[in-house]
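Chemist: Here it is, the structure, as structure tokens.
We did not get these values from a lab; they are worked out from the coordinates using the rules stated. Since the structure is predicted, the reported quantities are computational estimates derived from the model, not experimental observations. Cβ atoms come from the backbone with ideal geometry, glycine included; neighbour counts cover every protein chain shown.
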Amino acid sequence: MKIPVVQKVLEANERIAQENRRLFEEMKVLVINLVSGPGAGKTTLLERTLEALKEEYRFGIIEGDIQSTRDSERIASAGVPVVQINTGGACHLDGNMIREAIGELALGALDVLVVENVGNLVCPVEFDIGEDFKVMLLSLPEGDDKPVKYPLIFHESSLLLINKMDLLPYVECDIEKIREESLKINPHLGIMEISCKTGEGLSAWFSWLKSRIKKR
């Protein structure tokens, strides 16, 4: 009995996600689904991105967490519209949650919407939310075995940002192994090495994002 129920849940989510996607396309809003494990640096990446680009482009942010509003408070201090989704235990955001949240945003006044998904390398990739791109953040302290352990998120992502490069001298992590195993899973995956702390590599990330916004 479980298989039909799961299928119905996923089918319903896919239908809502497609409705979201059509709305985003109609409103000409680029949507990024930002995914990572807990503590990889998603919120800090958003802060650095807003510092660099918010005067040039109009951002909206959706923050997904099981509890608390700490991340959304950090983003709100940058002066951009932000909506918090507390899942109350669910390990991901889904299409319906996003549909409810965008009702709180003036989509017509945005160029780009970034959804910071719940910190998890498994669940978020299973649920389409209507995004244009999944961008994955992986931090060096998490180790170089993640492509092998969690292949689906690497397969479904368009861009991998390897964060906390400033810690490379202090952790055992083989960057080339990450690259090699990631590209075996997804030969089209873009890979950038960054440090949100020092600013290393962030200009390449900004350029990638700007080019996608302009295309939209």
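Chemist: Just to check I understand the Karplus step: with θ = phi - 60° and J = 6.51 cos²θ - 1.76 cosθ + 1.60, what whole-Hz values come out for the stretch 105-120, glycine and proline as x?
Modeler: Using θ = phi - 60°, the values come out as 10, 8, 4, x, 9, 10, 9, 8, 10, 10, 9, 8, 6, 4, x, 5 Hz.
Chemist: Further question: Below 8 Å, C-alpha to C-alpha, sequence gap of six or more: please give me the relative contact order for the stretch 2-215 in percent.
Modeler: On the way: 398 pairs, mean separation 51.8, N = 214.
Computed value for the stretch 2-215: 24 percent relative contact order.
Chemist: Right, something else. Hey, which of these cross-link pairs are over 28 Å Cα-Cα: Lys134/Lys214; Lys28/Lys146; Lys134/Lys197; Lys42/Lys146; Lys28/Lys149; Lys134/Lys184? The partial results should precede the final answer.
Modeler: Working: Lys134/Lys214 18 Å; Lys28/Lys146 34 Å; Lys134/Lys197 23 Å; Lys42/Lys146 17 Å; Lys28/Lys149 36 Å; Lys134/Lys184 18 Å.
From Lys134/Lys214; Lys28/Lys146; Lys134/Lys197; Lys42/Lys146; Lys28/Lys149; Lys134/Lys184, over 28 Å: Lys28/Lys146; Lys28/Lys149.
Chemist: Moving to a separate point now. Decide, for the stretch 99-216, between rounded, prolate and oblate: order the square roots of the alpha carbon gyration tensor eigenvalues as a ≥ b ≥ c, take rounded if a/c falls under 1.5, and otherwise choose prolate if a/b is larger than b/c, else oblate. Display every interim value, and only then the final one.
Modeler: Numbers: a/c = 1.93, a/b = 1.51, b/c = 1.28.
Note, shape of the stretch 99-216 comes out prolate.
Chemist: Which whole-Hz couplings ³J(HN,Hα) result when phi for each residue of the stretch 126-138 is put into the Karplus expression 6.51 cos²θ - 1.76 cosθ + 1.60, θ = phi - 60°, listed in order with x for Gly and Pro?
Modeler: 6, 10, 5, 10, x, 6, 7, 9, 8, 10, 9, 10, 10
Chemist: Here's a follow-up. Sketch the reach of a paramagnetic label on Val80 as a point 7 Å from Cα along Cα-to-Cβ, and name the residues of the stretch 181-216 whose backbone nitrogen lies under 15 Å away.
Modeler: Within reach of a label on Val80: 203, 205-214.
Chemist: Could you give the distance between the Cα centres of the stretch 33-102 and the stretch 153-180, to the whole Å?
Modeler: Cα centroid of the stretch 33-102 versus Cα centroid of the stretch 153-180: 22 Å apart.
Chemist: How about the chain: what cysteines have no other cysteine beta carbon under 4.7 Å from their own?
Modeler: By the Cβ distance rule, which asks for a partner under 4.7 Å, the isolated cysteines are Cys173, Cys196.
Chemist: Under a point-charge model restricted to the Cβ atoms of Lys and Arg (+1) and Asp and Glu (-1), what is the dipole moment magnitude of the stretch 2-215 relative to its Cα centre, in debye to the nearest 20?
Modeler: The dipole magnitude comes to about 340 debye.
Chemist: Ignoring everything except DSSP H segments at least 4 long, calculate the 222 nm mean residue ellipticity for the chain; use -39,500 (n - 2.57) per segment, divide by total residues, nearest 500. Please report the intermediate quantities before stating the final value.
Modeler: On the way: 9 runs with 92 residues, N = 216.
Rounded to the nearest 500, it is -12500 deg cm²/dmol.
Chemist: Moving to a separate point now. Under 1.5 on a/c is rounded, so check that first for the chain, then, if it is not, pick prolate when a/b is larger than b/c and oblate when it is not; a ≥ b ≥ c are the square roots of the alpha carbon gyration tensor eigenvalues. Walk me through the numbers before you get to the answer.
Modeler: On the way: a/c = 1.57, a/b = 1.15, b/c = 1.36.
Oblate shape, in that a/c is at least 1.5 and b/c is the bigger or equal ratio.
Chemist: Would you mind ranking Asp132, Asp144, Asp166 so that the residue whose beta carbon has the fewest other beta carbons within 10 Å leads the list?
Modeler: Details: Asp132 18, Asp144 21, Asp166 15.
Ascending Cβ contact count within 10 Å gives the list Asp166, Asp132, Asp144.
Chemist: Could you size up the charge dipole of the stretch 136-216 around its Cα centre, putting +1 on the beta carbon of Lys and Arg and -1 on that of Asp and Glu, and report it in debye to the nearest 20?
Modeler: On the way: 12 positive and 12 negative charges, 144 e Å.
Dipole size: approximately 700 debye.
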